[in-house]
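Novice: Let me begin by handing over the structure; questions about it come next.
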Amino acid sequence: MGILNECKGFGRGGGKIILLGEHSVVYGRPALAVGLPDGVTAKVAPSARKVGQIRCRDWRMEIPLNSGDRSAEAVRRILRRMGEAGLAWEVDLEVQIPHSAGLGSSAALCVAVARAFGELRGRRLTDGEAAEVAYEGERSFHGTPSGIDNTVAAYGGLVWFRKGEACRRLELPVALHLAVGVTGLGSDTSEQVGLVRRAWERDRARFEGLFDELGELVRLGRAALAAGDIEALGKLMDRGHELLGRLGVSGPALDEIVSAARASGALGAKLTGAGGGGCAVALCGSEEGARRVEEALKKAGFVAFRRRIRPGGADGEEGL
Ligand code: PMV
């Protein structure tokens with residue numbers, strides 16, 4: 001094995017589902033999200049070329065690191081943030097989540113690359129460090145994101161997030177059974193965030209009121225989760241979807257997934273992430289319930305999948 005082959009680093013970042021609080025989190029309200037078991041794995045190795053590539057078979061991507069593509073820019077920002085000026089690196093990605101779907105794929109990519117490069121340099125990043133470095137990369141995708149995606153991508157588990165505050169991992173007392181419907185329409189975070197911002201600028205009083213209500217749902221959701229009251233959380237998610245609709249970030253396909261999920265027995269359902277396209281998530285009472293909702297969504301013509309979010313640990317007990 002040559003010296004170049006021996007010198008490589010691996011890292012992983014997880015996808016996420018925002019249970020409550022997207023968009024209002026940009027305006028300082030809290031949000032609740034869970035890490036997905038699916039994510040992005042990165043391998044970084046020195047390149048024999050002056051400028052290496054990012055390759056990802058799952059996304060049919062093969063681009064030089066100096067390209068204008070957002071992923072290349074993100075990797076450049078991460079490398080710079082970690083004190084590396086050169087581009088002689090090969091970055092290979094394996095991805096288990098669709099991109100532009102509101103499931104945090106870009107943040108997972110950034111966390112994976114940051115951890116892989118850290119490992120290559122013989123330094124295992126803490127979750128907090130990985131989140132911080134990844135935020136730099138996330139800016140290529142989303143301008144000035146709130147930081148929720150890179151935080152959940154690094155920490156995993158159930159996360160309470162508020163801009164400018166330390167992230168808090170919460171105890172999840174019961175498993176969550178989620179079914180996810182994919183619209184197949186791209187969800188462009190900066191576009192959706194910009195749309196809400198322009199609407200907020202036109203009518204601040206109304207939008208601040210909506211953000212307050214969304215923030216209140218998050219607080220109630222946290223209490224419901226702490227009590228293991230999944231039915232209450234489902235109702236809060238239903239209300240969350242209604243409010244996100246009023247912000248202007250839902251759409252016919254998202255509404256259709258939400259209605260089909262409720263009609264097939266979900267405890268609650270809402271769009272997740274920036275909206276406009278992407279995915280909607282349904283909270284179900286059991287594994288069997290999630291299977292029924294998944295089937296119903298597929299029958300309605302959507303790609304769908306289900307995930308069990310395992311119960312567990314507050315801070316430090318259960319990393320990725
Ligand atoms: O990038 P997405 O689709 O996971 O959305 C992120 C959540 C937003 O609140 C819409 C944006 C942000 O920066 O928090």
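The values are calculated or read from the model by the stated rules, or taken from the named source; none is laboratory data. Predicted model only: the values in this text are computed from it and were never measured. Neighbour counts are summed over all protein chains in view; Cβ atoms, including those assigned to glycine, are modelled from backbone coordinates with ideal geometry.
Novice: Is there any pair with a first residue in the range 110-133 that is free of Cβ contacts under 8 Å to residues at least 40 places away in the same chain and over 13 Å from Cys7 (Cα atoms) and a second that is of a type in the set (Gly, Ala, Ser) and part of a loop (DSSP other than H, G, I, E, B) whose Cβ atoms are under 8 Å apart and which are 6 or more apart or on different chains, and what are they?
Specialist: Once the first residue is free of Cβ contacts under 8 Å to residues at least 40 places away in the same chain and over 13 Å from Cys7 (Cα atoms) and sits in the range 110-133, its partners that are of a type in the set (Gly, Ala, Ser) and part of a loop (DSSP other than H, G, I, E, B) give Ala131/Gly147.
Novice: Moving to a separate point now. Can you report the number of residues in the range 253-277 which are small (Gly, Ala, Ser), surrounded by fewer than 24 Cβ atoms within 10 Å (Cβ to Cβ) and free of Cβ contacts under 8 Å to residues at least 40 places away in the same chain?
Specialist: 4
Novice: To continue, here is another question. All but one of (1) more than 28 Å from Ser286 (Cβ to Cβ); (2) among the aliphatic types (A, V, I, L, M); (3) away from the ligand (no atom under 13 Å from the Cβ); (4) buried (at least 24 other Cβ atoms within 10 Å of the Cβ) hold for Ala107, so report the exception by its number.
Specialist: (3)
Novice: Now for a separate question. Can you say whether Ser71 is among the polar types (S, T, N, Q) and either surrounded by fewer than 16 Cβ atoms within 10 Å (Cβ to Cβ) or away from the ligand (no atom under 16 Å from the Cβ) (or both), as far as the supplied structure shows? Outline the logic, then answer.
Specialist: Working: among the polar types (S, T, N, Q): yes; either surrounded by fewer than 16 Cβ atoms within 10 Å (Cβ to Cβ) or away from the ligand (no atom under 16 Å from the Cβ) (or both): no.
In short, no.
Novice: Follow-up question, since we're still on this one. So how many residues does the range 72-98 have that are without any contact (Cβ under 8 Å) to a residue 40 or more places away in the chain and in contact with a Cys (Cβ under 8 Å, 6 or more places away or on another chain)?
Specialist: 0
Novice: Suppose we filter Val196, Val180 for residues that are buried (at least 20 other Cβ atoms within 10 Å of the Cβ), in a helix (DSSP H, G or I) and in contact (Cβ under 8 Å) with a residue 12 or more places away in the chain; which single one remains? Even if it seems obvious, please write down each step before you answer.
Specialist: Details: Val180 fails: in a helix (DSSP H, G or I).
After applying the criteria, what remains is Val196.
Condition check ((1) over 23 Å from Ala304 (Cβ atoms); (2) in contact with a Ser or Thr (Cβ under 8 Å, 6 or more places away or on another chain); (3) modelled with pLDDT under 95; (4) within 16 Å of the ligand (Cβ to nearest atom)) across all residues:
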site: Ile17; (1), (2), (3), (4): no, yes, no, yes
site: Val26; (1), (2), (3), (4): yes, yes, no, yes
site: Leu36; (1), (2), (3), (4): no, no, no, yes
site: Val40; (1), (2), (3), (4): no, yes, no, yes
site: Ile54; (1), (2), (3), (4): yes, yes, no, no
site: Arg60; (1), (2), (3), (4): no, no, yes, no
site: Asn66; (1), (2), (3), (4): yes, no, no, no
site: Arg80; (1), (2), (3), (4): yes, no, no, no
site: Ile97; (1), (2), (3), (4): no, yes, yes, yes
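Novice: Free of Cβ contacts under 8 Å to residues at least 60 places away in the same chain, within 14 Å of the ligand (Cβ to nearest atom), of a type outside the set (A, V, I, L, M) and part of a loop (DSSP other than H, G, I, E, B): which single residue out of Ser187, Ser250 fits that description? Quick ask: steps written out before the conclusion?
Specialist: Values: Ser187 fails: free of Cβ contacts under 8 Å to residues at least 60 places away in the same chain.
Just one listed residue meets the conditions, Ser250.
Novice: Anything in the range 134-150 that is within 28 Å of Cys7 (Cα to Cα) and surrounded by 20 or more Cβ atoms within 10 Å (Cβ to Cβ)? List them, or say none.
Specialist: So in the range 134-150, the residues within 28 Å of Cys7 (Cα to Cα) come out as 134-138, 140, 150.
Matches in the range 134-150: Ala134, Tyr135, Gly137, Glu138, Asn150.
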